[in-house]
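Report on one structure; see the data block that follows.
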């Protein structure tokens, strides 16, 4: 997007305003008394200086806008009171017409269009009353109004362009994020599919070779594989080779293992993640609990993974996947996100 330096715009506006002041001093001899025109020049210089102050915000303050309108009312009255409106051509003595147009153009550019129109309307009304409607063109009033109109239209067009640019930028960011999410989901699916194939391929070949005839041991192995595939879906980042090995070992001895990754460790990567998962694998290897549940902690918590091991005095209930009312906690482990020494374990 092409931008114009603000300093350049302020400098050009200041030069235009200074030109009007020079014309005002040059035409003081045409006035019956120099005092009102000098006062008008002072008011114009003050209003222009405040309007073009370099550190002022892009949108003009309301009090500054009202002050500019007041100046646009006072200047024509002060200067016009010392001139003869019936004269066809007052020369440069009517400098205030262009000066008011410039000041109102600056006001409109600084996002006070309504006040700019009010000042321009007074200039038109004053000229009609003071010199007649025929003087609107000869004194340059129409040109001043056109300046204000162009400034208002350009301001609205630039504001709309700015809004459109922000909307396009937001849409572009959303599209980029969506594409990144889709690529991440695709990669995740590919990884899970490859892992599933690696787990299930040997058993599938065995089923094909046996024409669908399975022994009891093969059926039990299929159940273990089903649990492993389910872990790949629900466990996600809770799995590495060590965890997979200990989960399978626990299931083979009859334990019920549940892995739940709810996104609490998505921000942990590399060696930190491996340390957390290896601690999880060690915890599973060191317990004889009948039910083991590993779950990621909530985002922002100091704990990365919580591991609970429950033992039931009735092994038949555990084998059926039911919780005994007299279950005892055999393992409670909170694996922290950083300092492994803060983990607490209870047997």
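Rank the residues 306, 102 as a footprinting-exposure proxy: fewest other Cβ atoms within 10 Å of their Cβ go first.
306, 102
Please compute the contact order of region 6-167 in relative form: average sequence separation of alpha-carbon pairs under 8 Å and at least six residues apart, divided by the residue count, as a percent.
24
Taking every DSSP beta bridge with both residues inside the chain, roughly what % is antiparallel (nearest 5)?
Roughly 75 percent of the DSSP beta bridges within the chain come out antiparallel.
Using only alpha carbon pairs under 8 Å that are at least six residues apart, calculate the relative contact order of the chain and give it in whole percent. Mind dumping the intermediate values first?
Details: 416 pairs, mean separation 32.2, N = 347.
The value is 9 percent.
I'd like the projected area of the chain, averaged over all directions, using the convex hull of its alpha carbons. Report it in nm² with one decimal. Could you put the intermediate results ahead of the total?
Values: hull surface 123.6 nm².
Answer in nm², one decimal: 30.9.
Please give the calculated 222 nm ellipticity per residue for the chain, where each DSSP H segment of at least 4 residues contributes -39500 (n - 2.57) and the sum is spread over every residue; nearest 500 deg cm²/dmol?
One gets -21500 deg cm²/dmol as the mean residue ellipticity at 222 nm.
With angles folded into 0 to 90 degrees, how steeply does helix 113-131 sit against the dominant principal axis of the chain? Use alpha carbons for both and round to 10.
Between helix and principal axis, roughly 10 degrees.
Select from 61, 51, 215 the residue whose mean-square fluctuation is largest in a Gaussian network model of the chain (Cα-Cα springs shorter than 10 Å).
215
Can you sort 41, 335 by how many other beta carbons sit within 10 Å, fewest first? Walk me through the numbers before you get to the answer.
On the way: 41 22, 335 26.
With the fewest neighbours first, 41, 335 line up as 41, 335.
Which of rounded, prolate, oblate describes region 163-226, given a ≥ b ≥ c as roots of the alpha-carbon gyration tensor eigenvalues and a/c under 1.5 marking rounded, otherwise prolate only if a/b is larger than b/c?
prolate
Helix 95-109 versus the longest principal axis of the chain: what is the Cα-based angle in degrees, 0 to 90, to the nearest 10?
Taking Cα atoms only, the helix is inclined about 10 degrees.
Quick one: angle between helix 241-252 and the longest Cα principal axis of the chain, in degrees between 0 and 90, rounded to 10, please.
40
In what sequence do 27, 249 fall when counting other Cβ within 10 Å, fewest first?
Ordered from fewest to most neighbouring Cβ atoms within 10 Å, 27, 249 come out as 249, 27.
The numbers here are math on the coordinates, done by the rules we state, and not lab data. These numbers come from a predicted model, not from an experiment. FYI the Cβ positions are ideal-geometry reconstructions off the backbone, even for glycines, and counts take in every protein chain you see.
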